[in-house]
Each structure stands twice: as structure tokens, then as C-alpha cells.
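All of the numbers you see were taken from the coordinates with simple rules; none came from a lab. From a predicted model like this one, the values you see are computed outputs, not experimental measurements. Using ideal geometry, Cβ is built from the backbone for each residue, glycine included, and neighbour counts are taken over all protein chains shown.
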Amino acid sequence: MRILKLSTAIAGLVWHQAAASAALPPPTGPYHVGLQKHVAPVLNEADPFWPNNISTSFLVTVYYPTTQDPSPHDWQRPYLDPATAALYEARYNLTTGSLSVLPSPGLIPNAKPLDFHRSKPLPTLFFTPRRRPPTEVYTLLLSDLASHGYCVLALNHPYEQPFVRYPNGTGIYGLPILYAWDEPTVLAVQSTRVNDSLALLDYLPNLEGETGLELNKTHVGIFGHSLGGSAAAATLLAAERERHDRTAASSFRAGMNIDGTFFGPLSAVQQPFLMLGAEAHGTSPDPNDSDATWPAFAAAQQKTTSAYWCWVNLRGTRHHDFSDIGYWKQAVPAIRDGDQQLGSIGGERLVEVWRAYVRGFFDVALVGEGDGGGAGVVGGGGGCGVA
């Protein structure tokens, strides 16, 4: 394990005092976390929400390991964009400032990237969110992965998500948080997300030059929440279909769907895959929790692939718990009363378990280390359990 050595005892004291007073759980790994934003080019000619239905770019937020020490300001800076915070405060009928005052868990904008020296960088991870939140609403998970050595590329999709701010300061408002989606729109959005992810896969050498990061371009994982999880599976299938037509060496080696219905044709993927769901997802007779696509996807994996895969349900969780909102309900208790998609699990315990399972899976599937995160994760045929 790589060990982070702080420059002085004083720096260590400042870091621990700041972490102890933070309103958000700090990352748990041996590294600090840098943050950059970059614009990646793409061409989607059937994007349902861009002007003229043609999208030409998307935003990539990069979380990455660094040995640079956070300053006191890095712990005090609000971690949500003011516009994003205001939208969610309105969504939950909160007092203005309830979310905008939540401080960063020590993220360092444009920090110096970690120098891996002779060791190979850990795999690169792509993340795509559910239909509404921008990726900053998943900071607690994504930053923790980076603190353990992963480079996480989080995709934001302008005009679809409620608010996205480009690196030059331009802010783009998109759909209302409670926008009603129909299935044709969901399928169209999933198609654009698959195309965005494949475009980013080919763009990795350019992104290396822009960020100064050393990215692992041969071992790449992809995961997402809700629609983002379905899009992750669809991306693996699309990448496999196009494998012989692509010249880039980059490839996806594992994927994960976090509590998302699978949209589109259900086919087995050929890479290690985790289905990480809320407590009753895919197993309950309750129409609000039932999801026939999960047993169907599991059956396809069981019959047609020998790749490591698993299905885990987390006790006490519901759909919105798989984002920072699952912790906000503890920091701002009024949120719990305004959201029926939040479960009974406590915010701190949720973050601990969620982080452990996601990182544990990628440690096994991409790095070849660990045990998959704990009970309920098994290989060679999969498993289903409530953890």
C-alpha cells in the first residue's frame, strides 16, 4: 500500500483538525484528492435536450490522487456550485444556504498529480450519474476512490442535468430536478451517454496532455447510478461490438450498475460486473421496488458468461441513498422528510458501506486485490444477498 507522508508534523495537525471539523466525511485513502474540469468533444446527432438536438461536448470532472497538502481554504470552500446548491435547496424546501455552506472534503483544485514513478497507475474509472444530479452530488464516493489511487473521470451532460458549469465559468441550466421522463427519452439519453463514454475512451491520450495525469488507458472501469448504471452496461456491450473497428488501445475491463433499471436489450456483458442495489431492488413484490430487468440481467450473466459478476442489495437503502443526498439527510435532517426515496440507514454508515463495496469490487475486478468489499460479493457465477 502506498503511504502518504505529510511534509511536517504541523501540516498533519492542521489536516486532522480540518478533517474532524468537516461537515462531510473526508476521503479514507492514503492520498489527498485533486480536482480538475475539462471539456471533451463529441458529436451526438440525436441528443434530446441540446439546442437543435445536436450535442458537441460534455464536461469531465477529474478526481485524482495527489500528495499535495490541502490548505485550510480547501477544507472551508463550499463543495457544491452555488447554483446547484440553490436548486436542491428549493427542491427540498430548505432555508437558503442549508446546502451551499457544506464544506469541501479537502479537495484541491488543480493539484499536482501523483507521480507514480516506477509503479503502474491504478485503473481509470468512468462515472455517469442518474438522470438528474450532476456528478458533484457524488463527491463523497468519487473523491474516496481517488484517495485510494484511482483516477475517476465523471461525465456531466449539459442541458440534461439541472445545472452544469464549464471551466470558463459559463453555467448551463438544464432540466428541472423533478422533470418527468418517458421511456423513449430515457433510451435516447442512454444512447448519447454511451456515445459520450466511447468518445472519452478514445480521448484519453488528449486528456492526459490536458491534465498532466498519468492515466491507465488499458484497464478502465465504468460505473454509474440509476440510468448511469444502465448506460455503463450498454457501454460495455457497445465497446465489445465496436472492438474490431476501433484503433485506440484503451478498453473497458469491468462495469457496475448502482440501483438502476436496465434499459434496452438485455445481454450478458463479458467483463466483471457488479449489480449494487437498494435493499428491495429487484427482489420485492412491491411495484415501487420490483424491477424485472435485474433478475433477467442476472440470468443472462449466469447462462452466457463466466466473468466475475455479483448482485448485492444494501440493507436500509433506497434509490436516492446512492448519492451524497444519502448523507445530506443526516447533515440536514429536513431532507429526509421531503424524499421518500431515502432509506433508514444512517448517513455515516451509508457512506462507509457504499464506499467499501464500490472500491472493493474494482480492487478485485481491475487490480486483482482484496475480497470484493465484503459479504455478498462472490465470483464465478455471482451471488445475491442483502449486506
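Annotations for the structure displayed:
- Between ASP202 and ALA46, the modelled labels are 1.8 nm apart [label points 7 Å from Cα along Cα→Cβ].
- Positive-end extreme of charge dipole, region 9-386 - chosen from LEU35, GLN271, LEU114 (charges on Cβ): LEU114
- Rounded to 5, percent antiparallel among DSSP beta bridges of the chain: 40 percent
- Measuring between their Cα centroids, region 188-243 and region 135-180 lie 15 Å from each other.
- Near GLY169, once Lys and Arg are set to +1 and Asp and Glu to -1 for all other residues with Cβ below 15 Å from its Cβ, the sum equals +1.
- GLU242 versus VAL101: modelled label distance in nm, points set 7 Å from Cα along the beta carbon direction: 4.7 nm
- Separation of the LEU178 and TYR159 label points, Cα + 7 Å toward Cβ, nm: 2.6 nm
- The GNM of the chain, with springs linking C-alpha atoms under 10 angstrom apart, assigns the highest mean-square fluctuation among ASP115, ASP47, ASP259 to ASP115.
- Lysines with Cα under 24 Å of LYS37, excluding same-chain neighbours fewer than 8 positions away: LYS112, LYS120, LYS217
- Of the residues GLY212, GLY228, GLY343, the one that moves most in a GNM of the chain with alpha-carbon contacts below 10 Å is GLY212.
- Burial ordering of LYS217, LYS112, fewest other beta-carbon atoms within 10 Å first: LYS112, LYS217
- The charge dipole of the chain, taken about the Cα centre with unit charges on the Cβ atoms of Lys, Arg (+1) and Asp, Glu (-1), comes to about 580 debye, rounded to the nearest 20.
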